[in-house]
Amino acid sequence: MVMAAVLLLSALGAVPALATDTEFSGQAFVVKAAVVGLQPVTLSDTGPLPPEGGNKEASLFSQTVPGLLTAEVFHASTVGQGNHSRAEASVASLDLTVLGNTIGADFLMARATAMCANGSSSVSGSSEIARLVINNGQPIVVTGQPNQMIDLPGGGKVTINEQYGNSSDITVNALHVVINDLAGNNLADVIISSAHADVSCGRPPCESSKDFVTGGGWIDPRNDGSKANFAVAGGIKNGYWGHLQYGDRGTGLKVKGTGVTKYVIMDGTLRHIEGTCEINGDGGTYMADVSDVAEPGKDADTFRLRLSNGYDTGVVKLAGGNIQLHKPCQ
């Protein structure tokens, strides 16, 4: 089951005088966990944006935390510029164990946006989860509504597509697990794929040289039902910026980006990224072409990856996830 839900709030009232510059805040992370008996864990955390905005990213190909989780293709990014603050986090192939409760999902993504228009702010958020199972592989029907609750044995709860905030501030957690003891003491607090964005509206800054693209999701490169998961980011910020993680579960191919060497604006929706990478542990190069066609990106946005060893996905539409352009002054 794949889920996408959106919450939209708008600030009402008189339009304020734009006497100050717009201020941004944004942050994304893939995992944050505090479980009794284990050390606290934070994975792929961008850290917060400064008030003047900017861009931050974090990624991993895979990670195992004994007693807690295994997962692949970690992606987190946040960009604040123009009249938008955006954040997103995604991860694939999650196997999570929290105090005896088992949770799995093929893919989880959270996205958050705060924006200004005519001096007023609005926010939106969404989550996407593919093939969620809890305890003994029980499939969970995701409703598509924010803050869907699932009870766990012993008093724990799982919140799916958790969303909270106000007209200028929103946090979205794709999955949030909380377990307390009978006295109400917290035993476990685990968040998977979290995105936060907020904005204080003023004069929008505009730097025409800053263009970025971010995204995470999966494709079916051979049209045979086998998944390939990806995490991508690219752009220009005092030089080239971004990351690439890619795992083709049909062939066992593992690609870990090690640097971005080129970023080209091809047209209004398409961006071309080149970089260095490790291909199954060996040095190589990659070219990625990503297109932000629609929101959400499933069955609309496109992804293509070409590697120096001859591997080529061709141009394929996303089977899940999203590509997000961050255009200058927007």
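Nothing in this text is a laboratory measurement; each read-out follows from the coordinates by a stated rule. Source: prediction; values computed, not measured. Cβ atoms come from the backbone with ideal geometry, glycine included; neighbour counts cover every protein chain shown.
Descriptive notes on the structure:
- Here the Karplus curve 6.51 cos²θ - 1.76 cosθ + 1.60, taken at θ = phi - 60°, turns the phi angles of the range 241-248 into couplings of 9, x, 7, 8, 9, 8, x, 9 Hz, with x standing for Gly and Pro.
- Net charge of neighbours whose Cβ lies under 10 Å from the Cβ of ARG111, counting Lys and Arg as +1 and Asp and Glu as -1: -2
- In this calculation the C-beta distance from ALA34 to VAL141 is compared with R0 = 35 Å, giving a FRET efficiency of 0.75.
- Residues in the range 270-279 carry Karplus couplings, in order, of 9, 10, 10, 10, 10, x, 9, 7, 9, 10 Hz; the curve used is 6.51 cos²θ - 1.76 cosθ + 1.60 with θ = phi - 60°, and Gly or Pro positions show x.
- Each Cα pair under 8 Å and six or more residues apart adds its sequence gap; the mean of these over the residue count of the range 91-145 is a relative contact order of 31 percent.
- LYS227 long-range amide H proximity, modeled H, under 5 Å: ARG249, GLY250
- Set against the 2.2 N^0.38 Å expectation for a compact globular protein, the range 22-200 has a Cα radius of gyration ratio of 1.03.
- Rounded FRET efficiency, nearest 0.05, which uses the C-beta distance separating ASN118 from THR70 and R0 of 35 Å: 0.15
- Among VAL41, VAL260, VAL190, residue whose mean-square fluctuation peaks in a GNM of the chain (springs only between Cα atoms under 10 Å): VAL41
- Using all pairs of distinct alpha-carbon atoms, the Kirkwood hydrodynamic radius of the range 16-57 works out to 12.7 angstrom.
- Potential extension, VAL41-SER167 segment - 0.36 nm per residue separation minus Cα distance: 42.3 nm
- Ranked by the mean number of other Cβ atoms within 10 Å per residue, highest first, peptides 96-102, 277-283, 113-119, 322-328 order as 322-328, 113-119, 96-102, 277-283.
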